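Below is one structure, written out as structure tokens; the observations come after it.
Just so you know, all these numbers are worked out from the coordinates, no wet-lab data involved. Computed from a predicted model, the values in this text were never measured in an experiment. A quick note on method: Cβ atoms are made from the backbone with ideal geometry, for glycine too, and the neighbour counts reach across all protein chains shown.
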Amino acid sequence: MSKVHVQTTINGEAVEYLCEPQQSFLDVLREDLLKQGTKEGCATGDCGACSVLLDGRLVCACLMLGVEAEGRTLTTIEGIASDDGLHPIQQKFLEHAALQCGICTPGFIVATKALLDKNPNPDETTIRYWLAGNLCRCTGYDKIVRAVQAAAEELAQEA
Amino acid sequence: MAEAVDYKYIGTSPVRPDGVDKVTGRAQFAADQNMPNTLYGKILRSPHAHANIKSVDVSKALAMEGVYAAVSGADFPGGARGKVGGEGGGDIGDVARNIMARDKALYHGHAVAAVAATSLTIADAALAMIDVEYETLAPVLDVVAAMAADSPLLDATNFTKNLPETPDKPSNIASVTVLTRGNVDEGFEQADVTVEGEYHIPMAHQGYIEPHACTATVNEEGKATVWCSTQGHFEFRSMTSKILDWKVGDLKFIPAEIGGGFGGKTTVYLEPVAVLLSKLAGRPVKMMMSREEVFRATGPTSGSVCRVKVGAKKDGTITAAKAWLAYEAGAFAGAPIGPGAMAIFAPYVLENFHVEAHDVLVNKPKVAAYRAPGAPQSMHAMEIALDDIAREIGMDPLDLRLKNAASEGTRAPYGPKFPAIGFKECLEAAKAHPNYTAPVPEGAGRGVAAGFWFNIGMQSSAEVRINEDGTVIIMEGNPDIGGSRASMCLMAAETLGVDYERVKAYIGDTESTGFCNVTGGSRTTFATGMAVVQACEDIIAQCKARAAATWGVDEDQVEWEDGQAIPAPGVNADVTPMSLADVMASAHKTGGPLLGRASLNASGAGASFSVNFVDLMVDKETGKVDVLAFTAIQDAGTAIHPAYVEGQMQGGAAQGLGWALNEEYIYDADGVMENAGFLDYRVPVASDLPMIDCQIIEVPNPRHPYGVRGVGETPIVAPLAAAANAVRAATGVRINDLPLSPPNILAAIDSD
Amino acid sequence: MARIVFHDQLLPATNGEREIEVTVENYRDLLVVLEARWPGIGERLAKSAVAIDGQIYQDAFLEPIAANSEVFFMSRIEGG
């Protein structure tokens with residue numbers, strides 16, 4: 001089976017790769033491009049560990065084909081922090097002990113980024129429903145929700 | 001004894017040392033390991049729940065282009081039966097047969113062969129070319145039916161252990177545990193009220209978000225290096241050595257960051273297979289389970305049937321209790337019946353009780369440890385019985401528990417008397433808690449339950465090194481599954497008297513640090529923490545000796561205070577205090593670099609008790625349960641890092657609620673799990689839960705230098721019965737079985 | 001003398017005796033005494049945990065056993 005040539009943009013950088021037509025974008029990211037901050041928890045779109053932003057929209061990289069990245073703009077967890085340091089969402093996850101094992105954390109941070117880009121002042125219910133596509137088995141979500149609230153406040157002050 | 005004292009670092013919640021790497025995607029988990037020239041390994045799994053394997057032929061797969069190795073059960077030389085494999089693993093012969101079937105497939109998804117190929121696509125294609133000839137057998141799926149004399153047998157050589165006389169016929173009952181005291185018949189005669197019931201809990205999975213993964217590489221010398229997701233790399237090395245019949249010294253295990261375990265990563269699945277494939281292929285082999293494989297073929301916890309009868313006087317005094325427990329072992333012996341039997345009545349003063357517990361083979365995956373293994377199942381039954389007694393005698397459920405609560409000096413059901421414990425303190429805190437004194441929301445129900453876990457100690461090693469700038473490096477061997485590096489750094493900072501920011505903790509591989517038992521049993525902060533504290537004390541002793549030599553005074557004339565060696569009061573030495581950096585600056589003159597170490601087999605882990613209460617709203621038309629409020633109160637001994645103690649309590653509460661409300665292994669008649677994915681095996685999501693309020697009780701454990709008990713496991717125990725009791729309160733209907741899922745609740749309401 | 005109590009699973013090995021009293025210095029000596037009394041029991045005891053005066057040991061060895069000590073053999077505890 002011949003591979004497909006793809007040109008795309010990941011975290012602001014032009015990237016090209018060859019992938020199998022049936023290969024998921026998650027598989028391309030992790031096994032070929034070695035951008036492994038994006039995690040696989042299920043590969044069926046149920047856990048959100050592979051959350052990435054596709055043209056600013058939150059998607060599961062496991063539900064997207066590698067070929068579908070052609071011409072698009074993607075953001076992964078590696079693209080959240082800036083030259084100035086951690087993004088406030090990352091900083092608040094740390095300060096609020098919102099991670100235990102840390103495997104779901106990149107997905108949560110990307111999903112939170114998508115939420116706060118869209119709705120800078122979400123209430124608790126909105127946060128909980130927005131993040132309902134991201135599974136965490138360690139924290140019971142309490143500290144994650146508080147971290148998101150704190151990040152929203154921080155970003156509002158910065159704005 | 002460790003008194004409640006003011007600490008400088010302990011009891012604070014700083015950012016964890018490994019945090020930045022985990023919020024930026026830098027942290028390397030097992031599936032993130034990459035080596036040039038790596039092959040992908042995949043496993044062929046049995047499509048039958050119970051079958052004889054007549055033959056396995058991998059030759060066609062091996063002949064395919066891009067396939068470099070293929071193995072089946074016959075290729076695994078080790079795994080003699082009857083030897084203990086390590087914490088959590090059970091009999092090593094069983095572990096060996098669990099990771100690769102020999103003559104029998106014992107559950108749907110049981111590994112029967114494996115391949116290594118240049119791509120995942122080719123590996124999948126190769127699995128399809130392996131010929132396996134099965135002779136299917138009737139699956140044994142129901143734990144009670146499995147115990148019947150006429151049940152089909154999983155293992156014709158299994159004769160029930162621990163019976164007074166060795167049975168003359170094999171059965172599916174692997175072993176029986178009995179625990180008894182006093183005279184239950186007389187006890188029940190003294191009772192004014194007696195309640196009894198039979199309670200069913202389904203098999204449930206730990207549900208860690210990271211699937212099992214590993215990479216193994218075997219070089220031309222026959223030396224293997226393995227990166228893996230493990231709760232205990234030393235024990236993984238030991239098991240792999242026994243299963244492959246390799247020397248321990250030829251195996252190096254490097255623990256990656258671990259994406260959750262909860263007990264499920266205390267035993268091997270992939271590692272021996274990857275080592276063997278790499279040896280045969282001469283290239284590195286990477287193996288990653290799919291989520292479906294995790295559900296079907298790794299160790300969940302036992303489904304169970306518990307029958308409990310409890311008698312009490314009108315004043316609430318429990319006079320007798322009796323329990324009959326049957327736990328699913330899955331395909332091989334090893335259900336946690338010992339802890340289940342010892343835990344069920346542990347929170348209470350009881351003169352008359354009898355527990356009989358059964359470890360039962362069924363055609364389901366071999367169970368593994370899951371957070372307080374065995375306790376949630378049995379204590380669910382007891383805590384429901386107490387709720388029913390409280391209702392019958394018109395007593396507050398917390399008062400009923402207080403009336404019978406164990407305290408220091410109470411003889412535990414398993415024999416010894418409790419040292420200082422904090423159960424009564426938890427109950428009193430619950431009674432006074434604003435969430436408990438607040439009225440129950442209109443239409444909702446409030447449920448109360450208690451939880452308990454023993455906690456364990458076991459073996460740990462730690463080294464502490466001092467850099468020339470006085471910064472501190474801790475090296476220990478327990479994978480950090482929930483922030484334990486932060487706890488180690490806090491205890492070291494406190495002991496040495498240096499800033500938390502100046503301490504770093506590392507998890508060494510099997511060749512860079514001393515042996516540590518698994519991260520499990522809530523032992524890491526307790527036992528490995530104790531080793532870290534002792535290694536720091538070793539450093540302090542060395543610094544005092546170096547300072548004494550520098551100053552020309554006796555060692556007993558030097559004290560350690562606030563991170564410095566100082567002359568003892570009354571010693572008239574005109575000297576400058578020496579910090580760690582000062583000692584290191586002159587270390588070349590006083591004996592070389594500072595290296596502290598400690599190794600121990602810790603005893604004295606303190607039991608941790610909890611009280612939970614939950615407000616639930618039940619939609620009587622749909623059967624859906626909404627969690628309105630949850631309060632967790634637990635004795636942590638001393639909370640080293642309170643935010644991560646709360647994290648354990650909140651995470652355990654969520655897992656317990658998930659098990660109570662939705663999670664279950666659903667099997668069809670052929671023994672095929674029908675919901676092997678996160679869409680249908682529904683763990684709680686953020687919108688299912690409220691904030692989880694925590695109150696940490698601190699009754700210090702006298703056997704730990706800072707009073708640590710261990711907190712990780714107790715939190716999962718109480719939510720099961722608390723939820724069941726809340727549903728009873730909300731609906732007036734007692735539902736004995738879990739999960740309290742919409743169809744089950746509707747069926748119970750309709751039949752009432 | 002120290003009080004030594006066996007759990008039910010050990011009764012087949014002790015001819016049904018649940019409790020005995022012995023005078024020993026430590027756990028190692030206790031094992032020697034028990035093995036002499038019931039040959040083969042040591043292998044089973046090695047798979048048990050033991051509580052000496054309320055402290056649970058997964059592996060005891062040199063722990064002292066006093067004249068008034070209570071020693072309970074119990075199932076080993078694993079954990080998640």
* Ratio to report: Rg/Rh of segment A:1-106, with Cα atoms as the point set and Rh obtained by the Kirkwood method; give two decimals. => 0.99
* What is the extension gain from residue B:157 to residue B:124, computed as 0.36 nm multiplied by their sequence separation minus the C-alpha to C-alpha distance, in nm to one decimal? -> 8.4 nm
* Structure fact -> residue B:547 neighbourhood, Cβ < 10 Å, K/R = +1, D/E = -1, net charge -1
* Structure fact -> Plugging the Cβ-Cβ distance of residue C:19 and residue B:193 into 1/(1 + (r/R0)^6) at R0 = 35 Å yields, to the nearest 0.05, a FRET efficiency of 0.60
* To do: In debye, nearest 20, what is the charge dipole magnitude of segment A:4-79 about its Cα centre with +1 on Lys and Arg Cβ and -1 on Asp and Glu Cβ, if you could check?
  => 220
* Using the alpha-carbon centroid of each, what span in Å lies between segment B:116-156 and segment B:312-353? -> 34
* Asked: In whole Å, what three semi-axes, largest first, describe the equivalent ellipsoid of segment A:88-158 built from its Cα gyration tensor (square root of 5 times each eigenvalue)?
  -> 17, 13, 10
* Asked: Dividing the alpha-carbon Rg of segment B:553-610 by 2.2 N^0.38 Å yields what?
  -> 1.68
* If you count, for every residue in A:46-58, the Cβ atoms of partner chains within 10 Å of its Cβ, what is the mean? -> 2
* DSSP loop GluC sites (Glu not before Pro) in segment B:152-241 with at most 10 other Cβ atoms within 10 Å of their Cβ, which ones? -> B:165, B:220, B:221
* Residues in segment A:83-108 reached by a label modelled at residue A:156 [backbone nitrogen below 16 Å; 7 Å Cα→Cβ] -> A:89
* Asked: What FRET efficiency, computed as 1/(1 + (r/R0)^6) with R0 = 45 Å and r the Cβ-Cβ distance, is obtained for residue B:576 and residue B:34, rounded to the nearest 0.05?
  -> 0.30
* Find, among the GluC sites (Glu not before Pro) in segment B:418-452, those assigned to loop by DSSP (not H, G, I, E, B) with at most 13 other beta-carbon atoms within 10 angstrom. => B:442
* Out of every Cα-Cα pair in segment B:76-200, what percent are more than 24 Å apart? -> 54
* Translational D (Stokes-Einstein, µm²/s) of segment B:7-153 at 25 °C and 0.890 mPa s when Rh comes from the Kirkwood sum over C-alpha pairs? -> 131
* Structure fact -> Note to self: Kirkwood Rh of chain B, Cα pairs, one decimal, Å, is 27.3
* Asked: What does the average come to when, for each residue of peptide C:46-54, you count the partner chain Cβ atoms lying within 10 Å of its Cβ?
  -> 4
* Asked: Relative contact order for segment B:656-752 using alpha-carbon pairs under 8 Å, separation at least 6, rounded to a whole percent?
  -> 36
* To do: Please give the calculated 222 nm ellipticity per residue for chain B, where each DSSP H segment of at least 4 residues contributes -39500 (n - 2.57) and the sum is spread over every residue; nearest 500 deg cm²/dmol?
  => -8000 deg cm²/dmol
* When the Cα centres of segment A:110-137 and segment B:635-706 are compared, how far apart do they sit, in Å? -> 21
* Do me a favour and compute the ellipsoid semi-axes for the protein assembly as shown from its Cα gyration tensor, root of five times each eigenvalue, largest one first, whole Å. => 39, 37, 32
* **Residues listed by number, segment B:471-485, amide nitrogen under 15 Å from residue B:499 label point at 7 Å toward C-beta** => B:471-472
* **Qualifying chymotrypsin sites (Phe, Trp or Tyr not before Pro) in segment C:30-80, DSSP loop, other Cβ atoms within 10 Å at most 11** => C:61
* Cα centroid of segment C:1-50 to Cα centroid of segment B:204-222, whole Å -> 41
* **Filter on B:8/B:403; A:35/B:242; B:309/B:620; B:104/B:161; A:113/B:22; B:60/B:286 - keep pairs with C-alpha separation over 26 Å** => B:8/B:403; A:35/B:242; B:309/B:620
* **Contour excess over end-to-end distance, with Cα ends at residue B:81 and residue B:737 and 0.36 nm allotted per residue** => 232.5 nm
* Length-normalised contact order for chain B - Cα pairs under 8 Å, 6+ apart - percent -> 15
* When the Cα atoms of segment C:2-75 are enclosed in a convex hull and the volume is divided per residue, what value in Å³ results? -> 73
* Structure fact -> Quick calc: nm separation of the 7 Å Cα→Cβ label points for residue B:6 and residue B:245 -> 6.5
* Distance between modelled label sites at residue B:149 and residue B:60, nm, 7 Å Cα→Cβ extension -> 4.6
* **Label-point separation in nm, residue B:133 to residue B:626, each point 7 Å along Cα→Cβ** => 6.1
* Asked: Normalised by the residues of chain A, what does the relative contact order come to in percent, with Cα pairs under 8 Å and at least six apart?
  -> 23
